[in-house]
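The structure under discussion appears below in the form of structure tokens.
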Amino acid sequence: MKRRTLAGLVFLVVILTVGVGGHAYLANRLALEPGWPEPLRSALVATFGIGLTAVLTQIFVRRRLGILSSALSWVAYVWLGFTFLLLTTTFATDAGMWILGAASSAPSDVLLMARARALFVVGVASAAAVVALRQGLAAPGVRRIEIPLARWPQALDGFRIVQIS
């Protein structure tokens, strides 16, 4: 097997493992564990499935879709960012609950806590996503700073340097 083919297969396995694993984790924590009523639960699980499908489709067929490529890229990248925010917030709440030992013995308390946590995670991730999209779509900030240099050659007076970060 050629080295390039093997590298491509390893890449594919890693992408699929991380993508499917992350989406399954989120579906479990935010849709299944809270025990939402059936229409909502199915819609949430379907949303994670559709989001994962959009990301994987964009990765593997983006050059073959022509004009649809741009729309699919927007959907996939926004979903990917939102998923990252959901994952980090969910991990943080998992860690916090583990550290605090927040497990309750009463089933109704566990269900209530899981629902409250799911709403908190989605709320925080949604707010962060709105802020990130606003900042990402805004015009970049430009600051002009003039730095006088005593030994700068007169021939280079007005020379400009641009730093993008």
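The values are calculated or read from the model by the stated rules, or taken from the named source; none is laboratory data. Quick caveat: nothing in here was measured; it's all calculated off a predicted structure. All Cβ positions, even for glycine, are placed from backbone atoms using ideal geometry, and neighbour counts span all protein chains on display. The accessibility values were calculated without ligands, DNA or RNA, using every heavy atom of the protein model including side chains. Shrake-Rupley method; radii C 1.70, N 1.55, O 1.52, S 1.80 Å.
Phi angles of the stretch 85-95 translate, via the Karplus equation with coefficients 6.51, -1.76, 1.60 and θ = phi - 60°, into HN-Hα couplings of 5, 4, 5, 5, 5, 5, 4, 5, 5, 4, 5 Hz per residue; Gly and Pro are given as x.
Give, to the nearest whole percent, the P(r) tail of the stretch 124-165 beyond 16 angstrom, counting all Cα pairs.
Numbers: 518 of 861 pairs.
Roughly 60 percent, rounded to a whole number.
Which listed residue (95, 26, 148) has the Cα farthest towards the positive end of the charge dipole for the chain, taking +1 on Lys and Arg C-beta and -1 on Asp and Glu C-beta about the Cα centre? Comparing the listed Cα positions along the dipole, 148 ranks first. All alpha carbon pair distances within the stretch 82-165 were sorted into 10 Å bins beginning at 0; the resulting P(r) in whole percents reads 13, 26, 17, 13, 12, 10, 6, 2. Here's the picture: charge each Lys and Arg Cβ at +1 and each Asp and Glu Cβ at -1 in the chain, and of 131, 46, 56 the one pushed furthest to the positive end of that dipole is 56.
Tell me what the chain gives for mean residue ellipticity at 222 nm when only DSSP H runs of n ≥ 4 count, each as -39,500 (n - 2.57), the sum divided by the residue total, rounded to 500 deg cm²/dmol.
Mean residue ellipticity, 222 nm, calculated: -24500 deg cm²/dmol.
With 5 Å bins beginning at zero, the pair-distance distribution over Cα atoms of the stretch 39-78 amounts to 6, 26, 26, 16, 13, 9, 4, 0 %.
What separates the Cα centres of the stretch 94-165 and the stretch 14-35 is a distance of 23 Å.
Every Cα-Cα pair in the chain was counted, and those over 24 Å apart are 56% of them.
For the chain, a crude dipole built from +1 on the beta carbon of Lys and Arg and -1 on the beta carbon of Asp and Glu, taken about the Cα centre, is about 800 debye to the nearest 20. Counting 0.36 nm for each residue step from residue 69 to residue 115 and taking away their Cα separation leaves a gain of 12.9 nm.
Computed over the chain with a Gaussian network model linking Cα atoms closer than 10 Å, the most mobile of 30, 86, 149 is 149.
Of 54, 95, 132, the residue with the greatest mean-square motion in the GNM of the chain, using alpha carbon springs below 10 Å, is 95. Rolling a 1.4 Å probe over the protein heavy atoms gives the chain an accessible area of 76 Å² per residue.
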